[in-house]
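The structure appears right after this line, and notes come after that.
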Amino acid sequence: RGKDEKYRVRMPRLRMAKEYKDKRKSIDDVDRNIFKFKKSSEEKSKKMDKEEKLFRETFMYHKEIRVLATATAGRSVPSRRRADLPLTAGEQLDVIDAVQGHAVICRNAQGRYGYVLVEHLNFR
C-alpha cells in the first residue's frame, strides 16, 4: 500500500432493490413534462400583450413599437404619476420613443411602459 491508499476511506455501495428502482423510474417519467416551459412563455406573452394594449390606450400611441436604444437606470426612482415608470438601479430599459422635453418612453423587462427622465438613464 502507498501513502494515499492508507488513508482512503472506503464507503460501502448502497444497493437498491430492482423493484424499487423500476418503480422510481416510472414515477419520474410521469412527473417530468418536457413542454413545461411552453406554458410559462404563453402566459408571459399574454401578459406582454395586455401591457402593450394598456400602453397604447394610456399614451394614445398608434405607431409601431420599435426599440431605439437600450439604457440602464442610474438610480432607483419611484413613480409619481400613473404614466411614469418606476425604476430600480441597474435595471435594463428599452427606449421606445423620445418625446418633447426631458422624458422618453421606456419599457422594462416585465413589459411595463412609462415615461422616464433622461437624467436617470445611462446610455451605452
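The values are calculated or read from the model by the stated rules, or taken from the named source; none is laboratory data. Model, not experiment: these values are computed from the prediction. All Cβ positions, even for glycine, are placed from backbone atoms using ideal geometry, and neighbour counts span all protein chains on display. We work out accessible area using only protein heavy atoms, side chains counted, and drop any ligands, DNA or RNA first. Shrake-Rupley method; radii C 1.70, N 1.55, O 1.52, S 1.80 Å.
One table, with the values for the structure above:
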read-out: Condition met for Ala89 (assigned to a loop (DSSP other than H, G, I, E, B), open to solvent by less than 100 Å² (accessible area, probe 1.4 Å), at pLDDT 90 or above and aliphatic (A, V, I, L, M)); value: yes
read-out: Test: Gly74 is in contact with a helix residue (DSSP H, G or I) (Cβ under 6 Å, 6 or more places away or on another chain) and either at pLDDT 90 or above or surrounded by fewer than 16 Cβ atoms within 10 Å (Cβ to Cβ) (or both); value: yes
read-out: Every residue from the stretch 92-124 that is open to solvent by 50 Å² or more (accessible area, probe 1.4 Å) and farther than 15 Å from Tyr61 by Cβ; value: Gln92, Gly101, His102, Ala109, Gln110, Leu117, Val118, Glu119, Asn122, Phe123, Arg124
read-out: Matching entry among Phe59, Phe55, Phe37 (being open to solvent by less than 40 Å² (accessible area, probe 1.4 Å) and at pLDDT below 85); value: Phe59
